[in-house]
Ligand SMILES: Cc1cc2nc3c(=O)[nH]c(=O)nc-3n(C[C@H](O)[C@H](O)[C@H](O)COP(=O)(O)OP(=O)(O)OC[C@H]3O[C@@H](n4cnc5c(N)ncnc54)[C@H](O)[C@@H]3O)c2cc1C
């Protein structure tokens, strides 16, 4: 519990619009997109970096927990507080500078990633990382979780675009890791240490990002296959032939079944399509057209739908977006995972999902970023039925073990947060965890920053 002296101090550095004490409003800052929730004692919304510095200096001395927060879209409970102060970065939301000639942009952490992408378009520039939450998550949250998205196959993830950072450390020190160069090997790359650190090492207050020229042409194609095996062998052929699409997504038969309960599928029913791949190429018009012609002759699909205009492409991608809401037509609850396997092992992982679904008679939906091995898994179940719940847990455990057996990772996108802490020791050895904890102790000796999260 904060003392009245501590409350007085907080009221002295944050004006009434920058601090929330009312219980009802605090609730919204105690949740994210996981099923977890907690309750902060107070929420502050700094609009200047020196407020964060004063706050952390004070919190370190007083031993008060600090939980940084972007838009709260995280799926692992990483910004869910146990107690203490939530620091919302949403008021630090300015694009500070676009350096067109340097292909660099400098932003505050509370900028919504989509807004940045739209602004950059005016300069013919492109910031590729595109988590599905791009329209509502913040760039600070994306950096702190090293968010990836559909285009990671070609363009990589958030961390690949972080050139430099400014970070407020646990004792209030401002660490200036600014960098405007696309290449820089001067000393240890400390900025990268904060990428994916889930708010445990410092509060990111400024971000220097690399940007690219905006590709001016793209085409998406939907391919339908009568079996999962056929789809997998076509994916492997695509890799073997050296194609690098910007997106390659899979939709399995359980997903198609769910979607068919809310909408009609864009092919004749008796074609009996079991798996869909959506491939997108971008670049110059000539290079994309060449790729499309080659891929159309390479693939032996049972259905092909080519989307050239923006509208046609949207229609294709709509099918992918329908999966999550439609899934609840199969069962009322889901265990959702972001297991990721090496690209050469996607076939084994997908077949394991299909086999377990049949064996336990529960819908296991596998879909998503098959191109980079990050296959989303939704195990659907009825929480009212104990048997269902047990079967879902069993499938979850077996898929986790399969992922590790295939030398994959327990999280390719969503991070560890609170949800996956119990599994981290299955993937990382004790030496690795010890070094992570030593880094944490050095930067945050009193363990005030997002304690109990990540590692
Ligand atoms: C519908 C939906 C789709 C999604 N799709 C994807 C996807 O495709 N790919 C993907 O990777 N993720 C995805 N996510 C997960 C989530 O959107 C990402 O993890 C995102 O990066 C979180 O951003 P946020 O602003 O909401 O951060 P929050 O959820 O608020 O915070 C996430 C973590 O970052 C820390 N943090 C936030 N800001 C700062 C800061 N300035 N300094 C230090 N630490 C900070 C928090 O403490 C917390 O640990 C999805 C989530 C939803 C709900």
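We did not get these values from a lab; they are worked out from the coordinates using the rules stated. Everything numeric in this text was worked out from a predicted model, so none of it was measured. Ideal geometry is used to build each Cβ from the backbone, glycine not excepted, and the neighbour counts take in all protein chains shown.
Annotations for the structure displayed:
- Shown is the FRET efficiency for residue 216 and residue 132, computed with R0 = 25 Å from the Cβ-Cβ distance and rounded to the nearest 0.05: 0.55.
- Segment residue 101-residue 387, length gained on full extension (0.36 nm per residue, minus Cα span): 96.9 nm
- Order by protection proxy (mean Cβ within 10 Å, highest first), peptides 386-396, 201-211: 201-211, 386-396
- Segment residue 426-residue 359, extension gain: residue separation times 0.36 nm, minus the distance between their alpha carbons: 21.6 nm
- Alpha-carbon centroid distance for the pair the stretch 290-355 / the stretch 193-248, whole angstrom: 13 Å
- Note on residue 398 and residue 91: the extension gain reaches 106.2 nm, defined as 0.36 nm multiplied by sequence separation minus the Cα-Cα distance.
- For 173, 366, 200, order by how many other beta-carbon atoms lie within 10 Å, fewest first: 173, 200, 366
- Based on the Kirkwood approach, the hydrodynamic radius assigned to the stretch 215-322 is 14.1 Å, with every pair of different Cα atoms included.
- Contact order for the stretch 331-414, expressed relative to its length and based on alpha carbon pairs under 8 Å spaced 6+ residues apart, stands at 43 percent.
- Helical contribution to [θ] at 222 nm, DSSP H n ≥ 4, -39,500 (n - 2.57), averaged over the chain, rounded to 500: -10000 deg cm²/dmol
- Note on residue 62/residue 160: beta-carbon distance plugged into 1/(1 + (r/R0)^6) with R0 of 30 Å gives a FRET efficiency of 0.20.
- Sorting the segments 145-152, 87-94, 441-448, 29-36 by their residues' average number of neighbouring beta-carbon atoms within 10 angstrom, most packed first, yields 145-152, 87-94, 29-36, 441-448.
- For the stretch 331-414, the normalised intensity computed at q = 0.15, 0.18, 0.21, 0.22 Å⁻¹ comes to -0.47, -0.67, -0.89, -0.96 (log10 of I(q)/I(0), Debye sum over alpha carbons, equal scatterers, no solvent).
- The chain: projected area of the alpha-carbon convex hull, averaged over directions, in nm²: 22.8 nm²
- Burial order of peptide ranges 4-11, 44-51, 159-166, 190-197 (average beta-carbon count within 10 Å, highest first): 159-166, 190-197, 44-51, 4-11
- Relative contact order for the stretch 215-322: 49 percent, from Cα pairs under 8 Å spaced at least 6 residues apart, divided by residue count.
- Calculated FRET efficiency, residue 306 to residue 17, Cβ-Cβ distance, R0 = 51 Å: about 0.50 to the nearest 0.05.
- Pairwise label distance in nanometres, residue 50 with residue 264, each label 7 Å out on the Cα-Cβ vector: 6.5 nm
- Note on the chain: antiparallel DSSP beta bridges, both residues inside, total approximately 90 percent of the bridges counted.
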